[in-house]
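Here the structure comes first, spelled out in structure tokens, and everything after it is commentary.
FYI, it's all coordinate maths here, none of it is from the lab. The shown structure was predicted, so the numbers you read here are calculated from the model rather than taken from an experiment. For neighbour counting, all protein chains shown are included, and Cβ atoms are generated from backbone atoms with ideal geometry for every residue, glycine included.
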Amino acid sequence: MDRIFNMDNKFFQFMGRIADLMLLNVLCIVCCIPVITIGASLSSMYYVTLKMVRDEESYITRSFFHSFKQNIKQSIPITLIMLAAGVLLYIDIGIGRSMEGMAGRVLFVMFMFMAILYLMIFIYIHPMLAKFYNSIRNLFVNSLLMGLRHLPLTFVMMIITAVPLLVLLVPDGRIAAILTLLLILLGIPLMAYAKSMILVRIFDKYIPAESEETPSDDLPAAADSPENDPDSKGSDPS
């Protein structure tokens, strides 16, 4: 009987994790409302989910706003750039589809290729902002390079990112309704948590072990010195 009501029981751990993701979902959505804070909100969400994957998180709200405050200055320009690029890509793809003949097909394929590169950057840039110190320019460059360097894992994360669209393709109305409800309650953080399980494996390759006195040759120096914090950022990959 004691095992059933033990808070270390797998069931209670699972329900606790679900509750954490629901809270994180509310925090993320609320902090996205001003639009220009979308980047800071997503980065803070990844800051928490990356800690969750490592079983390092303590207080969800405190960790979220710690990262939000730390990254707000860099995240606003990133958000504006990503929004502007996304709108331009949407318009360009529409133009490519509307054009007839070979020129239209070539432009459509070219713009779709650019959209894939855009998605790669989108997948990596917010987790990297949460994890690494670097300039905005280097965050964009390294997000693209990391996406290309780890292409198979990037493809898996693209599929995870596309889950909300895939739900629309479910033929059974009841199943689709259940999945939609789950997306509403857990959606963004649940996908971030799934991607964080992959991102942890990737990021570990670029973070020198604590026992090493000097960073690896394939890592640049940090843009800023890490703060005196157990979750301090590392330097970006080159």
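Listed values, structure above:
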| item | result |
| --- | --- |
| Spin-label model distance (nm) - Q13 vs L183, 7 Å beyond Cα toward Cβ | 3.1 |
| Förster-model FRET efficiency, 22 Å R0, L145 and I33, C-beta, rounded to 0.05 | 0.10 |
| Karplus 3J(HN,Hα) series, Hz, for the range 116-127 with 6.51 cos²θ - 1.76 cosθ + 1.60 (x for Gly, Pro) | 5, 5, 4, 5, 4, 4, 4, 5, 9, 5, 6, x |
| Spacing of the two label points (7 Å from each Cα toward its C-beta) at R137 and V163, in nm | 3.7 |
| Rg(Cα)/(2.2 N^0.38 Å) for the range 28-96, N = residue count | 1.33 |
| F132 long-range amide H proximity, modeled H, under 5 Å | G234 |
| Peptide ranges 44-51, 170-177 listed from the most packed, as the mean C-beta count within 10 angstrom indicates | 44-51, 170-177 |
| Computed E for S58/I207 - FRET, C-beta separation, R0 22 angstrom, nearest 0.05 | 0.60 |
